[in-house]
Amino acid sequence: MENLKKLDLFGSALNLNINRNDKQYKSVIGGITSFLLYFCSLAYFVYKIYLWQSGQIQPKITSQSTTFDYQEYVFEQPPIEINMNSWDEDPFDLKNNYIAFAYRQSDAEIKAAPQIIIPTQKNISGSSSYIIPQNIYLILNPTNKNNDGQKSDVKGILFIAVCDKQLAPYNITCASEEKLQSFIEKFQGIDIWINVNIYNTETKQMLGVVLKFEMKLDFYAPFISQIQFKITEQDVDDNVFITTLEKSKYISQCNIFTQPLSQITFTNELGIQGFGMFMISLSSDGNKLKITYPKLGEILSDFGSIMSTLLSIKIIAQLINSYLLDEQILYQIIASYFPDFKYHQIQKDLFGRIKSVQINNKPQDLEQYQFKLDMLKEKARNKINFINQVYELSRLQFIVQGLINKKTIIESINYKLGIKWEQNENEICSQRMNILELQSYDFTILSLEQLEKLDDIKIYDLT
């Protein structure tokens with residue numbers, strides 16, 4: 001059993017009470033400090049939870065550039081808008097057309113014929129814009145390897161052509177020859193709006209971003225411009241407790257490379273003359289993005305660190321309480337030797353300094369009283385140290401030995417000195433207590449409990 005006791009991890013230490021009801025000394029200053037700490041801690045916790053729930057705490061974002069060998073992507077929204085604001089008339093009007101568009105999508109094995117696109121118009125700041133068809137489907141496979149069912153590389157080509165009579169089957173009527181020639185001579189350029197996406201970490205939704213480019217066009221010096229869209233593969237972990245990844249990919253950036261092209265080459269590709277073409281493809285360069293939102297454990301950990309900082313203020317309150325406790329104990333020791341001390345009317349200021357003293361309603365000289373009180377406090381402080389208590393106990397032992405013979409003291413140790421549990425105890429118990437008979441009220445005769453019951457204090461000089 002003794003060995004089992006040694007293994008006990010939950011042993012309880014003996015703690016003495018400060019007074020009858022409290023195991024710790026507590027003060028008003030400590031209570032105010034504790035209230036402020038609780039209030040600040042709760043307010044900060046609620047604030048952090050609000051920021052967390054509203055998405056205002058920035059997540060951890062890890063970005064890595066990478067190279068893709070294979071990618072497929074379907075544009076759910078038009079990736080390109082072409083706008084022109086510098087012409088008096090709408091150049092895309094089907095009944096008085098200046099510019100026509102053709103789009104061809106082809107892979108490495110099949111080269112499809114260009115298809116004339118019927119313009120779709122919408123007003124943006126009072127101007128007309130042309131949008132290429134939706135649901136464009138591109139594939140990146142530069143090596144054209146057919147691994148695990150991979151498809152061949154697919155690109156798109158957008159032609160910007162001058163209106164021609166060959167477009168009549170598409171219900172497109174060109175402007176007059178004079179207007180077309182004037183348009184060719186005076187036409188300067190177009191605005192290209194390319195739509196990409198970014199992820200909004202606060203709302204956890206995709207946001208569309210428009211990249212604007214201005215291109216100068218010359219009918220006599222056509223261009224070929226390669227638009228390469230960069231794909232970002234994204235993993236989002238927004239679970240509160242465990243790691244769960246929500247995967248997605250989107251177009252986050254594009255590169256444009258432009259070079260001149262002969263009119264003959266353009267005509268051979270489309271069959272009519274024009275200003276240039278855009279080759280649309282996926283770039284092999286891309287990004288891998290991982291977004292990890294704060295979890296509940298991180299919020300609590302952050303709250304705990306702030307709490308540790310706030311609780312450092314408790315040192316001040318503890319020092320104040322230690323000082324007040326020390327003062328209270330010294331005053332009680334003095335009152336034990338000078339019973340009328342507790343009737344002294346002492347007034348103190350906010351910082352605990354004595355302002356005035358009255359004894360029996362008679363004012364006392366503050367300087368003399370403070371000097372005597374400090375002297376008594378110093379003596380009381382010396383009395384309560386452990387070595388002094390052992391010394392005083394040893395003196396009491398010698399005094400008792402001088403009053404009672406040693407044999408009586410030794411016999412009294414063997415349970416023969418004490419109080420009878422009941423007055424009608426059996427004879428055996430009476431024989432054990434035949435040295436000194438005590439009554440039940442002797443149990444507290446010297447305790448503070450009896451002192452508190454007295455209405456008046458009588459002081460006896462033990463001489």
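The table below lists the values:
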item	result
Protection-proxy order for peptides 217-224, 286-293, 387-394, each taking the mean of Cβ atoms within 10 Å per residue, highest first	286-293, 217-224, 387-394
Count, lysine Cα pairs under 28 Å in segment 174-283, 8 or more residues apart or across chains	12
Simple spin-label estimate for D8 and E367 in nanometres, 7 Å along Cα-Cβ	6.0
Solvent-accessible surface (1.4 angstrom probe) belonging to E185, in square angstrom, nearest 10	110
K26 paired with K216, simple spin-label distance in nm, labels 7 Å along Cα-to-beta-carbon	8.3
Contour minus Cα-Cα distance for N385 and S34 (0.36 nm per residue)	123.3 nm
Spin-label model distance (nm) - N405 vs K290, 7 Å beyond Cα toward Cβ	9.1
FRET efficiency estimate (nearest 0.05) - Cβ-Cβ, S301 to Q332, R0 60 angstrom	0.85
Accessible surface, 1.4 Å probe, highest first, among residues K179, K95, K379	K95, K379, K179
Whole-number percent relative contact order across segment 171-278, with pairs defined as alpha carbons under 8 Å at least 6 apart	25
Formal net charge of residues neighbouring I329 (Cβ-Cβ distance under 11 Å; K, R +1; D, E -1)	+1
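The values are calculated or read from the model by the stated rules, or taken from the named source; none is laboratory data. Not measured: the values here are computed from a predicted model. Positions of Cβ are generated from backbone atoms using ideal geometry, with glycine treated the same way; all protein chains shown enter the neighbour counts. Remember, those area values only see protein heavy atoms, side chains included, never the ligands or the DNA or RNA. Shrake-Rupley method; radii C 1.70, N 1.55, O 1.52, S 1.80 Å.
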